[in-house]
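Quick notes on the structure that follows.
The values are calculated or read from the model by the stated rules, or taken from the named source; none is laboratory data. Remember, it's a predicted structure, so these values are computed and weren't measured experimentally. Here the Cβ is made from the backbone with ideal geometry for all residues, glycine too, and neighbour counts use every protein chain on show. Accessible surface areas use protein heavy atoms only, side chains included; no ligands, DNA or RNA. Shrake-Rupley method; radii C 1.70, N 1.55, O 1.52, S 1.80 Å.
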Amino acid sequence: MNILQALFFPPEQPGGVSSMVPFMLERFNRRGWEMELFSLPKRVRSKGTEPVRFSTFDWEAYAGNPIVDKYIQTYKDYVWWTKLRQTKKYDLIHAHHPIAGLVMKQVFPDTPVIMTIHSSYERELILNGKIKENGTEHAFLTSIYRELEERLDQLITVSNSFKQYLSEYVQEPERIGVIPNGFDEKRFRSVPHENKIPQLITVCRLVPAKGLDTLLLACAELKKRGHPFVLHLIGDGPIRPELEQMAIELNIYEEIIFYGYMLHPEDFMPFFDVFVLPSRAEAFGSVFAEAALCGLALVGTNVGGIAEQIDHGHNGLLVPPENVSALTSALEKVISDPIYRHNLGRVAWDKAQKSYSMSRVVQQLKTVYRSYRNEE
């Protein structure tokens, strides 16, 4: 089969879809599958002019809103770029973003198009304070799910919890498949080490949705209780200045290292002890699987795909979102007992190897892809 993997923007940085799809493609190509990658360059702006029409709702009812207008213009740009660059025919197209999926079906109506919905753009915008729940932008973005269901051949998502989220916006949620993200086992490793002071690490974009304010408050409480630690905070984003100021005011700035953006955090993640990220929402939470493959104990919130990755008390600890007291207690438990956190990390590694390896996702996708070959 000749398959096109259609991303949104190019895979320029690691993490989540950006890193998973190219490694997945490499695995398929090594096994003799014909597979190529396509995306919209970030330099392409305001090139598309072709009118946009959806079959399940009238997007023009939302026109004039900056977020909606930007979304539609990006859709037009993707159409323009696809028609300019794609002349080859494919047996199947696998899209990884709503715009990519809808555009591919528009340009290649006779080609089966499946799509993996990796995350919720509208939830991210709400949690980051960019839009209001049930507002104009929210209504527009959630209407896209029904359009995807109507026009594409198959929908897949990355966790059962996110499938449940999508069920509110589609007519036949039972038809949505679930294939958790996969990770190239060779990129991640567990390294035996012993840190005299517990080393905590989190890797994420610095935005309100990740709950880093809750983490800093918990760290401040740990310090008050006399627990030594270092928090390595890898990532950048709009609230970094706010977080740095908060760390100063909480008297924990000396315990935190703000790294900013890092290209390959997995290279030295194995030398830390605990991965912690108190997200307010996650469709899957790829970084938890990555940390588990590095042998770290996990501390996360009982939301979305995180709760499907962490078996509380076995490979990590789960706490309610925005609960400083619960997060403090969980961190206190893992940093004060080296044997306990080592055991959590060992079980986390074992589960991740079995559940989130790239080999596993390749096998599951092979089954999906072959089902379309059999229909020919």
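Checking Glu150, Glu174 one by one, the residue that is out of contact with any Asp or Glu (no Cβ under 9 Å at 6 or more places or on another chain), open to solvent by 60 Å² or more (accessible area, probe 1.4 Å) and in contact (Cβ under 8 Å) with a residue 24 or more places away in the chain is Glu150 and no other. Against the numbered list (1) open to solvent by 10 Å² or more (accessible area, probe 1.4 Å); (2) among the small types (Gly, Ala, Ser); (3) within 16 Å of the chain's Cα centre (by Cα); (4) more than 30 Å from Met35 (Cα to Cα), Ser279 comes up short only at (1). Pairing each residue of the stretch 60-86 that is closer than 17 Å to Ile131 by Cα with any residue that is of a type in the set (Lys, Arg) and in a helix (DSSP H, G or I), provided the two are 6+ apart or on different chains, yields no C-beta distance under 7 Å.
Per the listing Phe288, Phe272, Phe268, the residue uniquely out of contact with any Ser or Thr (no Cβ under 8 Å at 6 or more places or on another chain) and in contact (Cβ under 8 Å) with a residue 60 or more places away in the chain is Phe272. When the stretch 307-340 is filtered for residues that are over 17 Å from Cys219 (Cβ atoms) and among the small types (Gly, Ala, Ser), the ones remaining, listed by number, are Ala307, Gly313, Gly316. When Glu26 is tested against (1) modelled with pLDDT of 95 or more; (2) within 22 Å of Leu4 (Cβ to Cβ); (3) open to solvent by 60 Å² or more (accessible area, probe 1.4 Å); (4) part of a helix (DSSP H, G or I), just one condition goes unmet, and that condition is (1). The residue that is farthest from Gly300 (Cα to Cα), counting only those in the stretch 194-206 that are open to solvent by less than 10 Å² (accessible area, probe 1.4 Å) and within 20 Å of the chain's Cα centre (by Cα), is Leu206.
For the condition among the hydrophobic types (A, V, I, L, M, F, W, C), in a strand (DSSP E or B) and open to solvent by 50 Å² or more (accessible area, probe 1.4 Å), Leu37 qualifies. Of all the residues in the stretch 230-250, those that are in contact with a helix residue (DSSP H, G or I) (Cβ under 7 Å, 6 or more places away or on another chain) and either at positive phi or open to solvent by less than 10 Å² (accessible area, probe 1.4 Å) (or both) number 4.
Evaluate the stretch 98-108: report whether one residue or more is free of Cβ contacts under 8 Å to residues at least 40 places away in the same chain, over 24 Å from Leu155 (Cα atoms) and out of contact with any helix residue (DSSP H, G or I) (no Cβ under 7 Å at 6 or more places or on another chain). There is no residue in the stretch 98-108 that is free of Cβ contacts under 8 Å to residues at least 40 places away in the same chain, over 24 Å from Leu155 (Cα atoms) and out of contact with any helix residue (DSSP H, G or I) (no Cβ under 7 Å at 6 or more places or on another chain).
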